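A.B. asks: Shown below is the structure under consideration.
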Amino acid sequence: MKLKIKKDEILKGLQRIQGVVDKKNTMPILSNMLLVADGKGIEIIATDLEIGLRGRYAAEVEKPGAVTVSAKKMFEIVRELPEEDIQIRVEEGNWVKIVSGHSQFKLVGLPKEEYPSMPDVAEEGMITMDGVTLRDMIRKTLYAAGENDARYVLNGLYVHLSPAKGGLNIRMVGTDGHRLSMIDRIVEAKHKEESVIVPKKAMSEIRRLLEEDSSQEGFQIGFSKNHALFKRDGLVMVSKLIDGNYPNYQQVLPTQNTMKVAVSKDIFMHAVKRVSILSKEKTNAVKLQLEKNTLLLSTNNPEVGEANEELSIGYTGESISIGFNSRYLMDVLLAMDRETITLELNDSLSPCLVKEEGNDAYKCVVMPMRV
């Protein structure tokens, strides 16, 4: 294999795969990437057996071929090379030689046959949607998904597709049992009713790819029995789906809240952030006390001190005192985009429903805690 490629072009491909490459070294080959050169350019492929990412990039290929080499070392080398064309060639024994200007490197490579192949997923029935919409849906729900939760199904986002007036409703839900986030968006597409659970890591990588560019038209998503498929501009990502039954998240959503308060998102968020500085590190507990026209935030940590902050609000309901993990509250507030949010409460032991004012398509729930 022998080729020449622009630094920016190959660096873009190498950056994209860094989050996919397996860093646990369960199989040494998974810390490598597969580089395939043909008459159309090069393909950079990475997989951790759960997620696979394949991208095509422009290159002048003198001699086609393929090799697998350390993804991390290749990225670190290319990142530091001068802004010149980079020559890559595979020598006897699968040694990969990288030359740019007066810099030369040699990396140990392995034959392509040793690299696991990405699964083939049928492309029938794929949905085309705006990448900005998908990116925002992931951003608004991913934080609530589980992280290495023993209930394996919680370590992903639940995606439910259902026909709706005006097209197809896509619902995305994330929960770890302490908080829940749910968003609905209607896209112009036709698809049968279907539900899948996409792993958190896969959704995180998709979000990262979508944040590369603000113009994200024509992003395609599709699902088979065991895999999710994402496509855009010569970029293909395949992820295994999580097998199992997602919990009945609907029963967590409060429907009969008797107390409702509207508050400026920014003012509330900064107040929570300030007060939580003195909260206990293990619980991050902050108490909210609703009184007539007043929201009092407080925390008491005998080892450090105490904090209190009073906000003026338009509230005329009953008094209530309720505690929350401030980190969970902050995650919700950071995902909200509108200036005003509403907190809907029932009592000090019931979940709190947080919404953007005037937007019923996005709902977040935070479970209370004793303080």
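A.B. asks: Given the condition among the acidic types (Asp, Glu), under 15 Å from the mean Cα position of the chain (by Cα) and surrounded by 14 or more Cβ atoms within 10 Å (Cβ to Cβ), answer yes or no: does some residue in segment 135-151 qualify?
C.D. replies: Taking every residue of segment 135-151 in turn, at least one turns out to be among the acidic types (Asp, Glu), under 15 Å from the mean Cα position of the chain (by Cα) and surrounded by 14 or more Cβ atoms within 10 Å (Cβ to Cβ).
A.B. asks: Going through Val132, Val159, Val121, Val96 one at a time, which residue ends up being in a loop (DSSP other than H, G, I, E, B) and open to solvent by less than 60 Å² (accessible area, probe 1.4 Å)?
C.D. replies: Being in a loop (DSSP other than H, G, I, E, B) and open to solvent by less than 60 Å² (accessible area, probe 1.4 Å) holds for just one of Val132, Val159, Val121, Val96, which is Val121.
A.B. asks: While we're here: Suppose we keep only residues that are over 17 Å from the mean Cα position of the chain (by Cα) and touching a residue at least 24 places away in the same chain (Cβ under 8 Å) within segment 186-212. Which one would you say is most open to solvent (accessible area, probe 1.4 Å)?
C.D. replies: Looking at the filtered set, the residue picked out is Lys190.
Residue by residue, here is whether (1) within 24 Å of the chain's Cα centre (by Cα); (2) without any contact (Cβ under 8 Å) to a residue 60 or more places away in the chain; (3) not in a helix (DSSP H, G or I) holds:
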{"residue": "Tyr246", "(1), (2), (3)": "yes, no, yes"}
{"residue": "Asn257", "(1), (2), (3)": "no, no, yes"}
{"residue": "His270", "(1), (2), (3)": "no, yes, no"}
{"residue": "Arg274", "(1), (2), (3)": "no, yes, no"}
{"residue": "Ile277", "(1), (2), (3)": "no, yes, no"}
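A.B. asks: Please find, within segment 96-153, the residue that is modelled with the lowest pLDDT out of those that are on the phi > 0 side of the Ramachandran plot and not polar (S, T, N, Q).
C.D. replies: Gly125
A.B. asks: In segment 214-237, which residues are closer than 10 Å to Arg135 by Cβ and surrounded by fewer than 19 Cβ atoms within 10 Å (Cβ to Cβ)?
C.D. replies: Ser214
A.B. asks: Could you please find all residues in segment 289-333 being without any contact (Cβ under 8 Å) to a residue 60 or more places away in the chain, surrounded by 13 or more Cβ atoms within 10 Å (Cβ to Cβ), of a type outside the set (Val, Ile, Thr) and outside any strand (DSSP E or B)?
C.D. replies: Tyr315, Gly317, Ser326, Arg327, Leu329
A.B. asks: I've got another one for you. Restricting to segment 1-56, what's the tally of residues that are surrounded by fewer than 19 Cβ atoms within 10 Å (Cβ to Cβ), touching a residue at least 40 places away in the same chain (Cβ under 8 Å) and part of a strand (DSSP E or B)?
C.D. replies: Adding up the residues that qualify gives 4.
A.B. asks: Looking only at residues that are touching a helix residue (DSSP H, G or I) at 6+ places or on another chain (Cβ under 8 Å) and more than 27 Å from Met203 (Cβ to Cβ) in segment 57-69, which one is surrounded by the fewest Cβ atoms within 10 Å (Cβ to Cβ)?
C.D. replies: Among those that are touching a helix residue (DSSP H, G or I) at 6+ places or on another chain (Cβ under 8 Å) and more than 27 Å from Met203 (Cβ to Cβ), it is Ala58.
A.B. asks: While we're on this one: Taking Val263 as the residue in question, decide whether it is assigned to a strand (DSSP E or B) and within 30 Å of Glu344 (Cα to Cα).
C.D. replies: So Val263 passes the test.
A.B. asks: State all residues of segment 334-371 that are of a type in the set (A, V, I, L, M, F, W, C), open to solvent by 40 Å² or more (accessible area, probe 1.4 Å) and farther than 19 Å from Leu295 by Cα; if no residue qualifies, say none.
C.D. replies: Scanning segment 334-371 gives a single hit, Leu334.
A.B. asks: So Gln250 ticks every box in (1) in a helix (DSSP H, G or I); (2) in contact (Cβ under 8 Å) with a residue 12 or more places away in the chain; (3) not hydroxyl-bearing (Ser, Thr, Tyr) but one. Which box is left unticked?
C.D. replies: (2)
A.B. asks: For the list (1) within 33 Å of the chain's Cα centre (by Cα); (2) within 22 Å of His178 (Cβ to Cβ), I need the number of the one condition that Asn300 fails.
C.D. replies: Evaluating Asn300 over (1) within 33 Å of the chain's Cα centre (by Cα); (2) within 22 Å of His178 (Cβ to Cβ) leaves (1) as the failure.
A.B. asks: Take Glu211 and decide whether it is out of contact with any strand residue (DSSP E or B) (no Cβ under 7 Å at 6 or more places or on another chain) and within 14 Å of Leu134 (Cβ to Cβ).
C.D. replies: Against the criterion (out of contact with any strand residue (DSSP E or B) (no Cβ under 7 Å at 6 or more places or on another chain) and within 14 Å of Leu134 (Cβ to Cβ)), Glu211 qualifies.
A.B. asks: For segment 60-77, check the following and say yes or no: at least one residue is in a strand (DSSP E or B), among the polar types (S, T, N, Q) and over 25 Å from Asp48 (Cα atoms).
C.D. replies: No, segment 60-77 has no match at all.
The values are calculated or read from the model by the stated rules, or taken from the named source; none is laboratory data. Being a predicted model, the structure only gives us computed values, none of them experimental. Note that each Cβ is placed from the backbone with ideal geometry, even for glycine, and that neighbours are counted across all protein chains shown. In case anyone asks, the SASA skips ligands and DNA or RNA and just uses the protein heavy atoms, side chains included. Shrake-Rupley method; radii C 1.70, N 1.55, O 1.52, S 1.80 Å.
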